[in-house]
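Asks: For reference, the structure I am asking about is given below.
The values are calculated or read from the model by the stated rules, or taken from the named source; none is laboratory data. None of the values given here were measured: they were computed from a predicted structure. Here the Cβ positions follow ideal geometry from the backbone for every residue, glycine too, while neighbour counts run over all protein chains shown. Surface accessibility is based on the protein's heavy atoms, side chains included, excluding ligands, DNA and RNA. Shrake-Rupley method; radii C 1.70, N 1.55, O 1.52, S 1.80 Å.
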Amino acid sequence: MWQRIGFALLVITLLAGCSTEKASPQLPENRTVQKSLVEPLDAKNEAMGSQSSAPSSTETALKKAEEPRAAADEEVPPEQKVIYRADVQMRVSRFKQAREQLEKEARKLGGYIVNESESRDDRTLRGTIVFRIPQQRFQDFLSSLEKWAVEIPSKQIQGTDVTEEYVDLKSRLRAKQAVEKRLLELMKQAKKPEDLLNITNHLSQVQEEIERIKGRMRYLDDRIDYATVTVNLEQPVVLENPNAGLWQQILQSFVDSTAWLLNAFRRALVFLAAALPPLLILAAIGIPLWNRYRRRRASAPQPPDEN
């Protein structure tokens, strides 16, 4: 009996081993089949993803072309840019002579006249002359004005620092020129007429902006290189016409002397009005002291007469 039981267990063990050997080779085959089915789907999905991420239109390429690029920092500090202006009031004895001498001096220094006006009334001849003088000779020209002036009542000099604006314009110009270069490259690659037209429109806008920036920089360069000096000349008419008739000169001289006396009298009145308060204080203190001194002197005993 025990032999039968042992034989049965041996048969069962053998059958279990065979079933295991038959089942184990099927697992790798199933996994291989599943992997072969999944791989084409993954490759297809990756291809579709790459197609969707790539630029599919000209607008995408244009946006990428117009993206700002980081510019290299300038190691050299920017040169200071200053615009100088001067406004000078001059009184002269000979208007035409002074005007000719000023123009000659400006040309000698490398400058020129940009604007000129002249007016006249019964008493005064006036003129305004606007000079452009190289900035290096700006102070030299201002110093030469004193040679031809009887008096300079006022002189104003103003300097405007445009360094920050100039540096900003240079940075904007470099950025726009980089965009222009990228758009020109896109234009060479364009194949469709509508793409070429779209790129051309963007390129024209960028080029217009470049011309505006260059125009502003040229204007600043001109104002920086040449200072603006406005000279206002003033001269009495009687000095401008010395060949007038005798009676006219006598009359004009009488009028001028009368005006001078009136101005002197007016200035004297103004001076007295300003000096009146301290004079009143001095009088209020000095008069009582003087009276007291006189009374003491009068009450003092007189020395006896020796006779």
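Asks: Hey, can you rank 171-184, 286-299 by average C-beta count inside 10 Å, highest first?
Replies: Taking the mean over residues of other Cβ atoms within 10 Å, the ranking is 171-184, 286-299.
Asks: Mind giving me the nanometre distance, one decimal, between the label points for Arg295 and Lys188, set 7 Å out from Cα along Cα→Cβ?
Replies: Inter-label distance under the simple model: 11.5 nm.
Asks: Net charge around Ile83, counting only other residues with Cβ within less than 15 Å of its Cβ (Lys, Arg = +1; Asp, Glu = -1)?
Replies: In short, -2.
Asks: While we're looking at this one, here's another question. Given a 1.4 Å probe and every protein chain left where it sits, what share in percent of the accessible area of the stretch 91-186 is carbon and sulfur?
Replies: 43 percent
Asks: Let me ask something additional. Residues with amide H under 5 Å of Val162's amide H, sequence separation 5 or more or different chain, H placed in the peptide plane at 1.01 Å from N; which?
Replies: The answer is Lys81, Val82, Ile83.
Asks: In addition: Kindly give Rg over Rh for the stretch 134-243, based on alpha-carbon atoms, with the Kirkwood expression for the hydrodynamic radius.
Replies: Value, to two decimals: 1.34.
Asks: Quick one: if the Förster radius is 41 Å, what FRET efficiency do Asn232 and Leu173 give, using the C-beta to C-beta distance and rounding to 0.05?
Replies: Between Asn232 and Leu173 the formula returns 0.60.
Asks: Label points 7 Å out from Cα along the Cβ direction at Asp221 and Ser117: separation in nm?
Replies: Calculated label separation equals 3.2 nm.
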